[in-house]
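Undergrad: Shown below is the structure under consideration.
FYI, it's all coordinate maths here, none of it is from the lab. Values in this document were obtained by computation on a predicted structure and should not be read as measured data. When we count neighbours, we look across all protein chains shown, and the Cβ atoms used for this are built from the backbone with ideal geometry, even at glycine.
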Amino acid sequence: MEIVRIFADRLNAFHYDTEDSDEFKRLFSLWQDPEFLETFFTEHIRDLQGGFFGPITKERAITSTRAEAVRLERTLKKLSENPQESLDNIFKPLNTLESEEFTRSKATGDNYKSWLRIYAIKIEDNVYVVTGGAIKLTRTMQERGHTNRELEKFKRCIDFLREQGITDIEGIKELSI
């Protein structure tokens, strides 16, 4: 496992040994892949059409996901590269009751009922490391395997940061490639 710099020193991502690319690139690549999205929404059609998002077709879900992913990536880049902006404006605590040294956070797309999630650990104000992400169609992450795995990634990544003694942006800079 390693940490890769994405935008400036403010947005970084984990690159797991089992993956070809870091989590940021992997997610945005998947969210633009029509075959992946077709398979995903076919497998999760009951969640997609289960009421929260209203009546929506797979085709509309695919189109919406691809468009929203483009906007989300642009927003993250803009916030990361402009010193007057803050990633804290888009990343929010996953659980408002958390009070650990590392805050598990999420960024969502800009649709009113966005199902896109980027999960990241807040290292300090305006500094995040992406741990993963998902298309979340259920109320809680524990309800589906693919979102529950994201909770497991949080734990692994926080353990990694602790093992490496990383507590701030300087530690991220020293470790990131």
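Undergrad: I'd like the FRET efficiency for Arg149 and Asp17, computed as 1/(1 + (r/R0)^6) with the beta carbon distance as r and R0 of 22 Å, rounded to 0.05.
TA: Working: r = 16 Å, r/R0 = 0.72.
According to the calculation, E is roughly 0.90.
Undergrad: Would you grab the residues whose amide H sits under 5 Å from the one on Thr103? Only those 5+ places off in sequence or on another chain, please, with H modelled 1.01 Å from N.
TA: Under 5 Å from the amide H of Thr103: Lys122.
Undergrad: Quick check: the distance between the Cα centres of segment 77-92 and segment 146-171, to the nearest angstrom?
TA: Rounded to whole Å, the Cα centres lie 21 Å apart.
Undergrad: Sticking with this one: Sort Lys155, Lys136 so that the residue with the fewest other Cβ atoms within 10 Å of its own Cβ comes first and the one with the most comes last. It would help to have the intermediate numbers written out before the result.
TA: Values: Lys155 11, Lys136 21.
So the ranking, lowest neighbour count to highest, is Lys155, Lys136.
Undergrad: Let me ask something else about it. When 1/r is averaged over all different Cα pairs and the result inverted, which Kirkwood radius in Å belongs to segment 97-157? Can you show the working numbers first?
TA: Working: mean 1/r = 0.0824 Å⁻¹.
When all Cα pairs of segment 97-157 are included, the Kirkwood radius is 12.1 Å.
Undergrad: Quick one: putting +1 on the C-beta of Lys and Arg, -1 on the C-beta of Asp and Glu, what dipole do you get for the chain around its Cα centre, in Debye to the nearest 20? Intermediate results must be reported in sequence, preceding the final value.
TA: Working: 27 positive and 32 negative charges, 159 e Å.
It works out to roughly 760 debye.
Undergrad: With θ set to phi - 60°, apply the Karplus curve 6.51 cos²θ - 1.76 cosθ + 1.60 along segment 106-116 and write out the HN-Hα couplings as whole Hz, x wherever there is a Gly or Pro.
TA: Ordered by residue, 3J(HN,Hα) equals 9, 10, 10, x, 9, 5, 3, 10, 6, 9, 6 Hz.
Undergrad: Using all Cα-Cα distances in segment 1-91, what percent lands in each 5 angstrom bin from 0 up to the longest?
TA: All Cα pairs considered, the percentages come to 2, 12, 18, 18, 17, 15, 11, 5, 1.
Undergrad: Dividing the Cα radius of gyration by the Kirkwood radius, what Rg/Rh value follows for the chain?
TA: Values: Rg = 16.0 Å, Rh = 16.6 Å.
Radius of gyration over Kirkwood radius for the chain works out to 0.96.
Undergrad: Would you mind calculating the gained length between Gln164 and Arg139 on full extension (0.36 nm times residue separation, minus the Cα-Cα distance), in nm to one decimal? Please list the in-between numbers first.
TA: Details: separation 25, 0.36 × 25 = 9.00 nm, distance 3.38 nm.
Additional length available on full extension: 5.6 nm.
Undergrad: With unit charges on the beta carbons (Lys and Arg positive, Asp and Glu negative) and the dipole taken about the Cα centre of segment 2-175, which residue among Asn148, Leu161, Ile121 sits farthest to the positive side?
TA: Of the candidates, Asn148 comes out farthest on the positive side.
Undergrad: In addition: Taking the Cβ of each residue in Val70, Val130, Val4 as the centre, tally the other Cβ atoms inside 10 Å and list the residues starting with the fewest.
TA: Values: Val70 14, Val130 29, Val4 17.
With the sparsest Cβ surroundings first, the list reads Val70, Val4, Val130.
Undergrad: When Lys and Arg each count +1 and Asp and Glu each count -1, what net charge do the other residues less than 14 Å away from Thr18, Cβ to Cβ, add up to?
TA: Numbers: positive: Arg26, Arg149, Lys153, Arg156; negative: Glu2, Asp17, Glu19, Asp20, Asp22, Glu23, Glu152.
Here the charged neighbours net out to -3.
Undergrad: Give me the lysines in straight-line cross-link reach of Lys153: C-alpha distance below 18 Å, same-chain residues under 8 apart excluded.
TA: Qualifying lysines at Cα under 18 Å: Lys25, Lys92, Lys106, Lys122, Lys136.
Undergrad: Below 8 Å between Cα atoms, with a sequence gap of 6+, how large is the relative contact order for segment 53-174 in percent?
TA: Details: 139 pairs, mean separation 19.3, N = 122.
Computed value for segment 53-174: 16 percent relative contact order.
Undergrad: Sticking with the crude label model, points 7 Å out along Cα→Cβ, report the distance from Arg46 to Ser86 in nm, one decimal please.
TA: 4.3
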